[in-house]
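Since the structure comes first, as C-alpha cells, the remarks are kept for the end.
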Amino acid sequence: MIEIRRGDDLNAFGKEVVLVLNTEQDLSSCRAVFEVDGFRQEWNDITSKRLPIIMTREDTQKLKAGHRFGYVKVYDENNLAETVKKEICVVVHPEVVKND
C-alpha cells in the first residue's frame, strides 16, 4: 500500500517509495509503466527491478482523495505488454490546509 497526502511531494525529506519486481526474468531490454488515477510514470531501464516513484506536489494535487488502485505493466523489446503488478492500493489523504 502507498499512502499519499494531496499537495505533498512524495519524495520529500529523503523518503523513497519503490515498487519491486519479483522475477527471475532478464529485464535488460524491457521498460515499465506505473499508472494510478491519471498519474503515469515510465522507466526505460528496469534491470535493477526497482521502480522508484517520483511524485511532485503538482502530481499529488491532481489525485482524488480516497482509495485508488494502480498497476505496473512491463513492455518487452517488441512492445508487448504484461501487467505484472495489479491492484496496487494507493490511499490518497486530503490536503492539509494551514490557516494562519
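The values are calculated or read from the model by the stated rules, or taken from the named source; none is laboratory data. Small disclaimer: the values here were computed from a predicted structure and weren't measured. Every residue, glycine among them, receives a Cβ derived from its backbone with ideal geometry; neighbour counts consider all protein chains shown.
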Practice item. For region 38-58, enumerate the residues that are within 21 Å of Val97 (Cβ to Cβ) and within 11 Å of the chain's Cα centre (by Cα). Key: Met55
Practice item. Determine whether Arg31 is among the basic types (Lys, Arg), touching a helix residue (DSSP H, G or I) at 6+ places or on another chain (Cβ under 6 Å) and farther than 17 Å from Glu87 by Cβ. Key: no
Exercise for review: For region 67-83, name all the residues that are in contact with a strand residue (DSSP E or B) (Cβ under 6 Å, 6 or more places away or on another chain), farther than 16 Å from Ile53 by Cα and not polar (S, T, N, Q).
Suggested key: His67, Tyr75, Ala81, Glu82
Exercise for review: Scan the strands (runs of 3 or more DSSP E) fully inside the chain and keep the ones with 1 or more residues being loosely packed, with under 13 Cβ neighbours inside 10 Å.
Suggested key: 2-5, 17-20, 39-43, 50-53, 66-75, 81-93
Check your understanding: Does Lys73 fit the bill of being at pLDDT below 95 and either basic (Lys, Arg) or under 24 Å from Gly14 (Cα atoms) (or both)?
Key -> no
Exercise for review: With respect to Asp76, determine if the residue is touching a residue at least 24 places away in the same chain (Cβ under 8 Å), over 23 Å from Gly7 (Cβ atoms) and acidic (Asp, Glu).
Suggested key: yes
